[in-house]
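Following: one structure in structure tokens, then a few remarks.
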Amino acid sequence: MRARGLSFHEPAREISTMNTNPLLPDPQHLTAASWITSPCLGGPRTVPPAVYYRRVFQIAGTAPARAILHITALGIFECEVNGHRVGEDVFTPGWTDFRTRVYYRSYDITGFLRPGENVLGVILGDGWYSGHLAERDRQFYGQQPAILASVEDHSGATSVLLAGTDQAWTYARGPILENDLVMGESYDARRELGAWSSPGDRADGWLPVSLLPAPLIAVERSPGPPVRRHEVLPARAISSGPDESWAPGLRRFDFGQNFTGRMRIRVSGPRGLHLRFRYAETLKPDGSLYTENLRTARATDHYTLKGEGVEEWEPRFTFHGFRYVEILWQKISGPLVIESIEGIVLHSDTPRTGHFACSHPLLNQLASNIVWGQKSNFLEAPTDCPQRDERLGWTGDAQVFIRTASFFMDVRGFFHKWLQDMRDAQGADGAVPPIIPNTQSFGLPGDGGPAWADAAFICPWTIYLCYGDKEILREHYASMVRYLDYLAANKVKDRIRAHPDVDGWGGFGDWLALDGSGRAEGGTPKDLIGTAFYARGAEIVAKAAALLGHSDDAARFHALHDEIAAAFAARFVTPDGFVVGGTQTGYVLALHFGLVPTDLRPAAARELVRLIARNGHRIGTGFVGTPYILHVLEATGHLDTAYQLLEQEAFPSWLFPVKNGATTIWERWDGWTPEKGFQDPGMNSFNHYAYGAVGDWMASTVAGLQFDPEQPGYQHIIFKPRPGGTITWAEARLKTPHGETSIRWELKDGTLALDLVVPDGTGATLDFPPSCQTPALPLGPGSHHHECFFGKI
Ligand code: BGC
């Protein structure tokens, strides 16, 4: 075996993305078409083949001036017209609750059509619809995928149907012998179907489709971005440790980055040679793949060569979360040449908007890890992780990270879509489940519980703040109110949510906090977390009501908020300013949500600082407290402690994984430690974005780029840098809805120099650090330079 063209330091290349124009005309004939399918193969635990479908249709006279393909599926598809791949979307039509809704997409295929015979071909896979989902067997939504499509001539005022899904379609099984998002894909190149989507007779092996009674679900244009292929990552061949004895049958490659996607291989070798691909996020000390944390995800692909020169293959209907790939083959006589192997990064098309950098290299790597955590988990839904058999839209994780996500990428459309998923999942009683789309997993109750289901308030509100998007509040307002009312009716006693006297589950707690409790749920009292988020929810809904002109509601929810806040203070804050439970997260929530009476805030903040110091200046928060802890420290005058936590390198800390080679954010502070090795493989993802929530503080406080909640969407920008720790310069850049804004500061000889850019049509305020003793300055559009005396750091 020879490996050619493999270089590690080659920079990542971007694949260009073509916009599937959302302004294309609406379909006129789509819902009148029939859903088509083919006989079901495989049961709940098999991994079945993908199915090829084709339809021949005639165009009399000249080809239409504007032809649009409108298409959707129960499953996932790729389509071709006359041999041309249509669009660049991946896993279309994505993931919705198929019991309620499915989205179509529209593609301009004018250039592909010609007079006479034309062919529309579709390759249909299981996807979320009938593949393995949520740690359970296959076929959660349905047994066998189906397609609905119409090719329409939109040249004139009324559209004319050229071809729709109907009885005239045929299907065949081809080279994709297995397809599953979680388990992987098997491809036998010897079984390729040739020019199957081009005109010409294809009678052999093609069978008539069956029609499926139309499911009673909404068929709508997708409000969110499609999944696309993004960076191409080069690979480096790595030594294969003790397995070397297998050589030449085994090779391992390192993409240098943990990510979500798949690999693309260019290979030549003897016909019938079978290659097996396994994936892992990290290696064991002996150099073999650490796959235990994938749980039941097989995450294995197979390729059988046809033996006709250089063959290129990238799986279609699967993705993995990985940094390493291992290729195994049986011993062979003929030469096998791996020309290249590359990593193809997949995620929902959420364009990059924000950048952060500073003088501290480890913090820059942390920022990179945060962005990769986001890319890896923003694929159709904001998922917890991309690698193991879970990959679910956990509400808690989403609300924890959304603020950071909204800085680094444009996630507005992505959340419009996901909040529709949430509305589809909301119970008749108003309950918001823990996982959206709702897969009813793990025997969990219908209510997601504190800090998880509260994504119902926090997510639309954050999108409003970050993009000035009032529409999302309008869309989600009724749902928020229903959830607040649900809480009052079912989960609350005396304004205390998750009150021990109220039967039922109290939520996930401060998930994975290392706070001395020894429990995954952490030691912060669940009624404290519940009531804090209840107060925050009421506050958000009150503000949303006022913005939307529902003044009665606004008054009702403001009053509710005040009552909850009073109940919180009475129950959880002592007259000396101690917060019950004595955890970092308890103090953080009480202070961040404004639930500590004003006169007690300094005492409570001092106690928080004492707790942190007693913990060796190390973090003790889990999912729930982590996004806010540095904000609270800064807001209460303890910036130095905030920087001690941020720059801490000893375990547990944000930089501990970075020091240990992480390229994404770990699920657990202790996913791996030198003393104990790997954590429990039952729950040990190396690509969970939750703790990456600190990215928001890095951009907004270290660099100092903030929106003004009173004029959201960066209509008015607040530059509020708060230099500290060992950092000598920092910068943040952001493409706002109004244009690009940026801040860069540098400290030299006690002088703070600031460079700022304010986009046209907006304004800004420069809020100097307190030690500059310089009053805040209003700034108009354009570039600005300011200096002040800061003092030595
Ligand atoms: C997920 C988390 C999620 C949690 C609920 C885990 O299995 O990976 O990220 O929020 O369950 O506590």
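The values are calculated or read from the model by the stated rules, or taken from the named source; none is laboratory data. Everything numeric in this text was worked out from a predicted model, so none of it was measured. Positions of Cβ are backbone-derived with ideal geometry, glycine not excepted, and every protein chain shown enters the neighbour counts. Side chains are part of the model used for accessible areas, which takes the heavy atoms of the whole protein and leaves out ligands, DNA and RNA. Shrake-Rupley method; radii C 1.70, N 1.55, O 1.52, S 1.80 Å.
Modelled label-to-label distance, A520 and E710, 7 Å Cα→beta-carbon offset: nm?
With each label point 7 Å from Cα toward Cβ, the separation is 4.6 nm.
With θ set to phi - 60° and the Karplus curve 6.51 cos²θ - 1.76 cosθ + 1.60, what are the ³J(HN,Hα) couplings of region 83-90 in order, to the nearest whole Hz, using x for Gly and Pro?
With coefficients 6.51, -1.76 and 1.60, one gets x, 9, 5, 8, x, 10, 6, 10 Hz.
Volume per residue, Å³, of the convex hull around the alpha-carbon atoms of region 608-671? Don't skip to the end; give the middle numbers.
Numbers: hull volume 5.1 nm³, N = 64.
Cα-based convex hull of region 608-671, divided per residue, equals 79 Å³.
Please identify the GluC sites (Glu not before Pro) of region 288-317 that satisfy two criteria: DSSP loop assignment and at most 13 other Cβ atoms within 10 Å. Which are they?
Details: sites: E292, E308, E311, E312; in loops: E308.
Qualifying residues, ordered by number: E308.
Quote the convex hull volume per residue of the chain, based on C-alpha atoms, as a whole number of Å³. Mind dumping the intermediate values first?
Working: hull volume 135.3 nm³, N = 793.
Here the figure is 171 Å³ per residue.
Collect residues whose amide H, placed 1.01 Å from N in the peptide plane, falls under 5 Å from the amide H of T296; neighbours closer than 5 in sequence don't count.
Hits under the 5 Å cutoff: D389.
Carbon and sulfur: what percent of region 460-519's accessible surface (1.4 Å probe)? It would help to have the intermediate numbers written out before the result.
Values: 1130 of 2430 Å².
Whole-percent figure for carbon plus sulfur exposure: 46.
With a sphere of radius 15 Å drawn around the Cβ of F656, what net charge do the other residues whose Cβ falls strictly inside it have (Lys, Arg +1; Asp, Glu -1)?
-1
Tell me, in nm to one decimal, what length is gained between A32 and R45 on full extension, where the rule is 0.36 nm per residue of separation less the Cα-Cα distance? Mind showing how you got there, number by number?
Details: separation 13, 0.36 × 13 = 4.68 nm, distance 3.42 nm.
Working it through step by step, the gained length comes to 1.3 nm.
Report, largest value first, the span of the C-alpha coordinates of region 648-726 along each principal axis, in whole Å.
For region 648-726, the Cα spread along each principal axis is 48, 29, 16 Å.
Mind ranking 55-63, 108-116 by how tightly packed they are, going by the mean number of other C-beta atoms within 10 angstrom, highest first? Before the final figure, lay out each step's value.
Details: 55-63: 13.7, 108-116: 15.8.
Ranking the peptides 55-63, 108-116 by packing returns 108-116, 55-63.
May I ask for the net charge around T318, where only other residues with Cβ less than 11 Å from the Cβ of T318 are counted and Lys, Arg are +1 while Asp, Glu are -1?
Values: positive: R262, R298, R316; negative: D126, E178, D180, E185, D301, E314.
Once all neighbours under 11 Å are counted, the net charge is -3.
Measure nothing fancy, just the Cα-based angle from helix 455-467's long axis to the longest principal axis of the chain, in degrees from 0 to 90, nearest 10.
90
Could you order peptides 581-593, 465-477, 763-775 by the average number of other Cβ atoms within 10 Å of their residues, highest first?
Values: 581-593: 26.0, 465-477: 18.8, 763-775: 16.8.
The peptides rank, most packed first, as 581-593, 465-477, 763-775.
Quick one: length gained pulling Q330 to D552 fully straight, 0.36 nm per residue minus the C-alpha distance?
So the extension gain works out to 72.7 nm.
Give me the number: length gained by fully extending R352 to R101, i.e. 0.36 nm times residue separation minus the C-alpha to C-alpha distance, one decimal in nm. Walk me through the numbers on the way to the answer.
Numbers: separation 251, 0.36 × 251 = 90.36 nm, distance 2.87 nm.
Additional length available on full extension: 87.5 nm.
Could you tell me how far the Cα centroid of region 696-762 sits from the Cα centroid of region 639-677, in Å?
Using only Cα atoms to place each centre, the spacing works out to 26 Å.
Could you provide, to the nearest whole Å², the per residue accessible area of region 613-701 with probe 1.4 Å? Intermediate values should be presented prior to the final figure.
Details: 2650 Å² over 89 residues.
Per-residue value: 30 Å².
What pairs from K417/K526; K543/K735; K375/K676; K470/K543; K306/K375; K375/K417 go past 23 Å between their alpha carbons?
On the way: K417/K526 30 Å; K543/K735 26 Å; K375/K676 29 Å; K470/K543 12 Å; K306/K375 34 Å; K375/K417 17 Å.
Those over the limit are K417/K526; K543/K735; K375/K676; K306/K375.
Do any trypsin sites (Lys or Arg not before Pro) in region 295-333 lie in a DSSP loop with no more than 14 other beta carbon atoms within 10 Å, and if so, which?
Values: sites: R295, R298, K306, R316, R323, K331; in loops: R295, R298, K306, R316, K331.
Those that pass, being in a loop and sparsely packed, are K331.
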